[in-house]
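Notes follow the structure.
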Amino acid sequence: MSPVSEMVVAALIVLGALFVFLGSIGLARLPDFLTRLHGPTKATTIGVGAILLASAIFFSGSESTAVSLHELAILLFLFITAPITAHLLAKAGLHRQARSAMRAAGDDEAADRVMTRESAPSEPDAGCQRANDERAPADR
Amino acid sequence: MLNAALEIAFVLIAAAQALNLYRLLRGPDLCDRILALDTLGISAIALLLLFGIRSASTAYFEAALLLALLGFVGTVALCKFLLRGDIIE
């Protein structure tokens, strides 16, 4: 391994680890759930991405393989799944917030409806829920 | 130089995992705990890759890929459960 590529690998490793650390600081310190969601997503994309890139450079040309492709599979998978995970978590967080807000307002019936398919009109993604209803009327 | 960088990275990621664990145990809401668990899995992947670089062995990639897969499926299942009260409808 040449000194230049070793330097690049070392820099990428430190950068990646720094981003993972910063993401976790965000997770631990930020005030509410939706802001806390913001930190770790950067840790996933830039942090693990930089470490994977370092690993790809490190293993490329070292053994029988010219270019190491294992990292590409992990990178692709992580980059595809990170937005899906964040979206689902944000949705779950919003639902729980809406539910507890309705409970606090004394509207228990509306709060129960958030969990089922007939959501209240004031609910953030009521339109989406209604579309689901029309597609599958007798799903349960 | 690579060894020094690896040492720094190990310390940083261990600290990150400690912070994740703090949020996992303390998290006021269930969503916070799920997020912390997911982040714990991500930093475990990073740790595995660093181990792979240090021991110059490619055997760690399969474990990292498996961890990424299981972490994703677990997070999606937990979120579905919170949203619907059911995982497979």
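The values are calculated or read from the model by the stated rules, or taken from the named source; none is laboratory data. This structure is a prediction, so every number in the text was calculated from the model and none was measured. All Cβ positions, even for glycine, are placed from backbone atoms using ideal geometry, and neighbour counts span all protein chains on display.
Here's the yes/no breakdown for (1) hydroxyl-bearing (Ser, Thr, Tyr); (2) crowded, with 20+ Cβ neighbours inside 10 Å; (3) within 16 Å of the chain's Cα centre (by Cα):
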| position | (1), (2), (3) |
| --- | --- |
| A:Ser2 | yes, no, no |
| A:Leu12 | no, yes, no |
| A:Leu18 | no, no, no |
| A:Ser24 | yes, yes, yes |
| A:Ile46 | no, no, yes |
| A:Ala54 | no, yes, no |
| A:Phe59 | no, yes, no |
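Scan segment A:36-49 and give yes if some residue there is closer than 24 Å to B:Ser55 by Cβ, at pLDDT 90 or above, part of a helix (DSSP H, G or I) and more than 7 Å from chain B (Cβ to nearest Cβ), otherwise no.
Yes.
State all residues of segment A:59-96 that are at pLDDT below 85 and not in a loop (DSSP other than H, G, I, E, B); if no residue qualifies, say none.
A:His70, A:Glu71
Quick one: would you say B:Leu48 is closer than 17 Å to A:Phe19 by Cα, crowded, with 18+ Cβ neighbours inside 10 Å, more than 7 Å from chain A (Cβ to nearest Cβ) and within 13 Å of the chain's Cα centre (by Cα)?
Against the criterion (closer than 17 Å to A:Phe19 by Cα, crowded, with 18+ Cβ neighbours inside 10 Å, more than 7 Å from chain A (Cβ to nearest Cβ) and within 13 Å of the chain's Cα centre (by Cα)), B:Leu48 qualifies.
Kindly indicate whether any position in segment A:31-39 is crowded, with 20+ Cβ neighbours inside 10 Å and either of a type in the set (S, T, N, Q) or touching a His at 6+ places or on another chain (Cβ under 6 Å) (or both).
No, segment A:31-39 contains no residue that is crowded, with 20+ Cβ neighbours inside 10 Å and either of a type in the set (S, T, N, Q) or touching a His at 6+ places or on another chain (Cβ under 6 Å) (or both).
List pairs: first in segment B:1-25 and more than 7 Å from chain A (Cβ to nearest Cβ) and at negative phi, second among the basic types (Lys, Arg) and surrounded by fewer than 18 Cβ atoms within 10 Å (Cβ to Cβ), Cβ under 6 Å, 6+ apart or cross-chain?
Taking only residues 6 or more apart or on different chains, the pairs are B:Leu24/B:Arg33.
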